[in-house]
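The values are calculated or read from the model by the stated rules, or taken from the named source; none is laboratory data. Quantities reported herein were computed from a predicted structural model and do not represent experimental measurements. With ideal geometry, Cβ positions are generated from the backbone for all residues, glycine too; neighbour counts draw on all protein chains shown. Note: accessible area is taken over every heavy atom of the protein model, side chains too, but ligands, DNA and RNA are not part of it. Shrake-Rupley method; radii C 1.70, N 1.55, O 1.52, S 1.80 Å.
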Amino acid sequence: MVRWLSAKLGPTVTSRCIARNLLRLLTSCYVGHQRHQFFSTMEENSPLNVKRPVCGDQVSKPVLDCLMHMAHLYGEPFLTYQYLPYISYLVAPSSGCRLNSRKEAGLLAAVTLTQKIIIYLSDTTLMDILPKINQDVLLPVLSFLTSTTIGFPSGPQARVALCVKCSSLISLICLRIGREMVQQHLSDALRIFFSNFTVLQDIHKQGLVAEAQNSVESSVQSVMCSDGRTLPVDLTLIEELEKVFNAEMAYATFIPFSCLIGDAQLVPNHDLLWRLTMVYQEAVIPKETDSRTQPFEYGGRIGVPAHSSEEDSQSGTFGGFMVGNRIQVPKDTQPPASRSSCRSPVVENFHCDENTFKQDLQKSAHGLCGNWLAYWQYEIGVSQQEPHFYFHQIKLQSFVGHSGAIKCVKPLSGEDFFLSGSKDKTVRLWPLYNYGDGTREMAPRLTYAEHKKTVFYVGQLESVQQIVSCDGGVCIWDQYTGKTIRTYEAGDTKVPITAVATMPPPYCSVTFGSSDSILRFIDPRKPGLQHEFKLASNVNAGLIRYLAVSPNGRSVVAGYSSGFIILLDTRTGLVLRGWPAHEGDILQMKAADGNLIVSSSSDHSLTVWKELEQKPLHQFKSNSDPIHALDLYGSEIITGNVANKIGIYSLLDSSSQPNSTTKLSSENFKGTLTNLAVLPTKRLLLLGSDNGVVRLLA
C-alpha cells in the first residue's frame, strides 16, 4: 500500500506525509532490549560477525524497503536531501548527560539507514557528501559509542550492537572509496573507533575498579591516557565497557579493517589490537599443527606465511590483497582451515555478493530534476500544517492538446488527474504525475468528444466516480473509459442550461440552472428529474450564471447576470435568502466551510458573505481588471484575472488588500489566463489559457 501511495501521491506529498512518518517509525523498530539481541546461529561459539543482524533489523526491513523504493522512484535527492538530514538529527548530541531508550534506538536506526544509503549512492555523490557523512553522522555516533561517561539504557548489548553496526558501516565506506580516500577522510573516525581498547588498558593500569550503579558518591574520575589525554571515566560504566571493547570485539572489527585498508598504521594502537586479536583467536579457534598457516605481524601489517614464491605476492592481508579499491581473493581450491577462519566474514560477504556494497538506483521517469527538484527541495522544508499558500511561479508541467481556449479546469479527488473543458468542444483527462525537469509537455490520457458546443463546465461525481460536463446540455460519462452514461438536453431550445454543479459525496445528484430561473436536480442512477425549483419568481434577476454547492451539500447558491444571489436549502427546497450582491454580472462563486460564500463580479469586486447575514464579511475591490477565476485553499482565496495576475486573499482578514499579487511572466505562462484550479494537497496551481494550453505551476 505504501509503495502504491508513494507513486500515486507524487514526490512532495510522499516526502511530507509518508517518508517523514516512515523515518520516525524506523527508530521504533529498535526500541527495547530484545531488539538489540543478535540472531542465534548454528554454532554457539562462532566468532562475532560484523555482518550479523540484530532482531531490530528484521522488524525494520519493510520500513527500509519502502524508503528505498521511494528513492528508486524519485531519485537520489531523497537520500541526500531528506534521509541524511534526518539521520543527522537522530545522532545529534543529546542535551542530557545520559541516553534514553528512544535516543539509543535512534542511533541504531541511523547507522542502519546510513548503510543502506551508502549502498545506493553513486561514486560522485558519495565523494561529494563524504565530509558531511563523516562530520554529521560518523563522529556523533562514535562520540556516544566510545563515551566513558554516558551509559546505554539497555546495557552492554545495545553498545555491542551499535559497535558492530558502526564497524560494518565504516567497512562499507572503506570498500567504496579505497585506501587513499580512507587515509584522507576517515582517519579520525578510525582512531576514535579503536581508541576505547587503549582506554580500557589505561583504566586497568591505574587500578580503577567498577562500582555499582546505585553508588551515592560521584563515580567519575579522571584517567591519564597513554596518548597524553586526561579522560573522565564513570566507574559504573567500566563493566559495560569491558563487555564491549574486549578481545572478541577486537577480532571482529580490526581484522576487516586490516584486510580493507592494508596499512594498520592508520590505527595508532594497532599493536594492542593485534595482541587482543591473537588472544581471542588462540582461545577460541583450534590451533593447527602446521605453523605455516598461522598469522604473523610484520612492520605493522598482518599477513599469512607464504606457501610458495607464486603465492607470496598474494599474501599479507589474510589471504587477500588490494587491487585499487577492490579486494582480490586468491583462487585456492581447498584453502587451509586456519587461513579461512582468519579471513574476515565481512570481507567474504562483500566480495561474494557485490550488490551488498554498491547498487545503482533504477532510472525512473519520475526522477526529480530541474524545476521539480527545486520545488521539492523547498517543499520538504515547509511545515506540513502550513496554512498559507505561497506562489513561487515555478513551471512544472505543460499540458498541450486543446485547439481552443480553456473554459474550465477541475482536479479529480485524488489529485493524480485533472479534467479540462475547452472551446474546441472536447473534455480531456490529464495525468498529474511529475515528469522531466519542468519543460515537459504532456499528452492527454483520454479525450471525450461527444459535445457539440463549447464545454463551459466539467466536474466529478465523487460518490459514483463519474464525470459531468456541459455545453448547454449535460453529459455524464465514465472517467475511466470515456463511455457516455447519460445525457440531458434542455427540452426547449429557448431555455438552455447556463450553469451546472455536482453534489458532494455521499450525494449523487447533479444540479443545473437555466435561463428560465429554474433549478433542476437529476440522479444518474434514475430516469427523469429528481426535483425542480423556481428560484426568482418575482424578481427580474436575469440568467443564472454560476452555481455553487456548500461542502456539506445542504445548500445551493445561484448567482445571476444581474448580480443577484439566491440561497436554496436542498433538504426542504425553500429559498432561504435572496439579495442584490453586486452591481454587475456574477463571474464566479465558491462555497466554503462555515457557511461562507465567495463571489466575484464584473463590477471589480470580490466579496465574502455569511449565508444568512445581510452585510458582507469582507469586500475587496480590484482597481484594474475584474476577477474572473478563483479557487479556495483553506482560509485563503486564490484569484486570477485577464491581466495574468495571481492574487491571494484571506477569508478571515478584513484587509482590503490581497496578501500577495504575482504577475505571471511570459516565460512561464503564454497567452491570457482563462481559468485556474488549486491542488490543495500538493499546493500547486493549474492555469488554463486562451491558447488551449494548461500549465502546472508552484
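If you take the residues of segment 629-664 that are more than 25 Å from Gln384 (Cβ to Cβ) and open to solvent by 40 Å² or more (accessible area, probe 1.4 Å), which of them is modelled with the lowest pLDDT?
Selected residue: Ser656.
What is the residue count in segment 460-500 for residues that are out of contact with any Pro (no Cβ under 6 Å at 6 or more places or on another chain), among the charged types (D, E, K, R) and open to solvent by less than 50 Å² (accessible area, probe 1.4 Å)?
2
When you scan segment 75-87, do you find a residue that is farther than 16 Å from Leu25 by Cα, in a loop (DSSP other than H, G, I, E, B) and without any contact (Cβ under 8 Å) to a residue 60 or more places away in the chain, even just one?
No, segment 75-87 has no match at all.
Can you tell me how many residues in segment 553-573 are of a type outside the set (D, E, K, R), open to solvent by 10 Å² or more (accessible area, probe 1.4 Å) and in contact with an Asp or Glu (Cβ under 8 Å, 6 or more places away or on another chain)?
2
So Leu676 fits all but one of (1) in contact with a Gly (Cβ under 7 Å, 6 or more places away or on another chain); (2) open to solvent by 10 Å² or more (accessible area, probe 1.4 Å); (3) not in a loop (DSSP other than H, G, I, E, B); what number is the exception?
Against the list (1) in contact with a Gly (Cβ under 7 Å, 6 or more places away or on another chain); (2) open to solvent by 10 Å² or more (accessible area, probe 1.4 Å); (3) not in a loop (DSSP other than H, G, I, E, B), Leu676 comes up short only on (2).
Please go through segment 574-598 and pick out each residue that is touching a Pro at 6+ places or on another chain (Cβ under 9 Å) and of a type outside the set (D, E, K, R).
Ala581, Gly584, Leu587, Ala591, Ala592
When you scan segment 232-253, do you find a residue that is open to solvent by 20 Å² or more (accessible area, probe 1.4 Å), out of contact with any Phe, Trp or Tyr (no Cβ under 9 Å at 6 or more places or on another chain) and farther than 22 Å from Pro153 by Cα, even just one?
The answer is no, given that none of the residues of segment 232-253 is open to solvent by 20 Å² or more (accessible area, probe 1.4 Å), out of contact with any Phe, Trp or Tyr (no Cβ under 9 Å at 6 or more places or on another chain) and farther than 22 Å from Pro153 by Cα.
Would you check which residues across segment 394-417 are over 15 Å from Ser689 (Cβ atoms), open to solvent by less than 30 Å² (accessible area, probe 1.4 Å) and assigned to a strand (DSSP E or B) and list them?
Hits for segment 394-417 are Leu396, Pro411.
A quick yes/no check of all residues on (1) over 24 Å from Leu5 (Cβ atoms); (2) touching a Lys or Arg at 6+ places or on another chain (Cβ under 6 Å); (3) not small (Gly, Ala, Ser):
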{"position": "Lys410", "(1), (2), (3)": "no, no, yes"}
{"position": "Ser413", "(1), (2), (3)": "no, no, no"}
{"position": "Lys425", "(1), (2), (3)": "yes, no, yes"}
{"position": "Val464", "(1), (2), (3)": "no, no, yes"}
{"position": "Val468", "(1), (2), (3)": "yes, no, yes"}
{"position": "Cys475", "(1), (2), (3)": "yes, no, yes"}
{"position": "Gly482", "(1), (2), (3)": "yes, no, no"}
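For segment 684-695, give me the residue count where each residue is in a loop (DSSP other than H, G, I, E, B) and in contact with a strand residue (DSSP E or B) (Cβ under 8 Å, 6 or more places away or on another chain). Let's see the steps before the verdict.
Start the filter on segment 684-695 by keeping residues that are in a loop (DSSP other than H, G, I, E, B), which leaves 690-693.
Subsequent filtering for residues that are in contact with a strand residue (DSSP E or B) (Cβ under 8 Å, 6 or more places away or on another chain) retains 690, 692-693.
Residues flagged as in a loop (DSSP other than H, G, I, E, B) and in contact with a strand residue (DSSP E or B) (Cβ under 8 Å, 6 or more places away or on another chain) within segment 684-695 amount to 3.
How do the pairs read when you match residues in segment 460-480 that are under 12 Å from Phe512 (Cβ atoms) with residues anywhere that are open to solvent by less than 20 Å² (accessible area, probe 1.4 Å) and hydroxyl-bearing (Ser, Thr, Tyr), using Cβ under 6 Å and keeping only pairs 6 or more apart or on different chains?
Going by the 6 Å Cβ cut-off, the qualifying pairs are Cys475/Ser469.
For segment 509-540, how many residues are open to solvent by 70 Å² or more (accessible area, probe 1.4 Å), touching an Asp or Glu at 6+ places or on another chain (Cβ under 9 Å) and among the polar types (S, T, N, Q)?
Residues flagged as open to solvent by 70 Å² or more (accessible area, probe 1.4 Å), touching an Asp or Glu at 6+ places or on another chain (Cβ under 9 Å) and among the polar types (S, T, N, Q) within segment 509-540 amount to 0.
Can you spot a residue in segment 90-112 that is under 21 Å from the mean Cα position of the chain (by Cα), at pLDDT 95 or above and farther than 19 Å from Phe152 by Cβ?
no
With the requirement that a residue be surrounded by fewer than 19 Cβ atoms within 10 Å (Cβ to Cβ) and over 20 Å from Ile117 (Cβ atoms), what does segment 134-146 give you?
The one that is surrounded by fewer than 19 Cβ atoms within 10 Å (Cβ to Cβ) and over 20 Å from Ile117 (Cβ atoms): Ser143.
Can you name the residue in segment 50-69 that is under 18 Å from the mean Cα position of the chain (by Cα) and buried (at least 24 other Cβ atoms within 10 Å of the Cβ) and is also farthest from Pro131 (Cα to Cα) among such residues?
Ranking the candidates gives Ser60 first.
Could you please let me know if Leu606 is in a strand (DSSP E or B), among the hydrophobic types (A, V, I, L, M, F, W, C) and open to solvent by 10 Å² or more (accessible area, probe 1.4 Å)? Working first, answer last.
Working: in a strand (DSSP E or B): yes; among the hydrophobic types (A, V, I, L, M, F, W, C): yes; open to solvent by 10 Å² or more (accessible area, probe 1.4 Å): no.
No, not satisfied.
Which residues, taken from segment 21-35, are open to solvent by 50 Å² or more (accessible area, probe 1.4 Å) and assigned to a helix (DSSP H, G or I)?
Our first condition is that a residue be open to solvent by 50 Å² or more (accessible area, probe 1.4 Å); within segment 21-35, this holds for 21, 24-25, 31, 33-35.
Listed by number, the residues that qualify are Asn21, Arg24, Leu25, His33, Gln34, Arg35.
Residues in segment 181-195: is at least one aliphatic (A, V, I, L, M), closer than 12 Å to Leu138 by Cα, outside any helix (DSSP H, G or I) and open to solvent by less than 20 Å² (accessible area, probe 1.4 Å)? Give the steps one after another, and end with the answer.
At the first step, the residues of segment 181-195 found to be aliphatic (A, V, I, L, M) are 181-182, 186, 189-190, 192.
Those left that are additionally closer than 12 Å to Leu138 by Cα: 186, 189-190, 192.
Retained after the next criterion (residues that are outside any helix (DSSP H, G or I)): 186.
Restricting the remaining residues to those that are open to solvent by less than 20 Å² (accessible area, probe 1.4 Å) gives 186.
Yes.
I need the full set of residues from segment 421-462 which are basic (Lys, Arg) and over 16 Å from Ser689 (Cβ atoms), in order please.
Residues of segment 421-462 that are basic (Lys, Arg), as a first pass: 423, 425, 428, 440, 445, 452-453.
Correct list: Lys425, Arg440, Arg445, Lys452, Lys453.
Hey, can you tell me all the residues within segment 21-42 that are without any contact (Cβ under 8 Å) to a residue 40 or more places away in the chain and either farther than 22 Å from Leu5 by Cα or touching a helix residue (DSSP H, G or I) at 6+ places or on another chain (Cβ under 7 Å) (or both)? Reasoning before the result, please.
Pass one, segment 21-42, residues without any contact (Cβ under 8 Å) to a residue 40 or more places away in the chain: 21, 24-25, 34, 39-42.
Scanning segment 21-42 gives Leu25, Gln34, Phe39, Ser40, Thr41, Met42.
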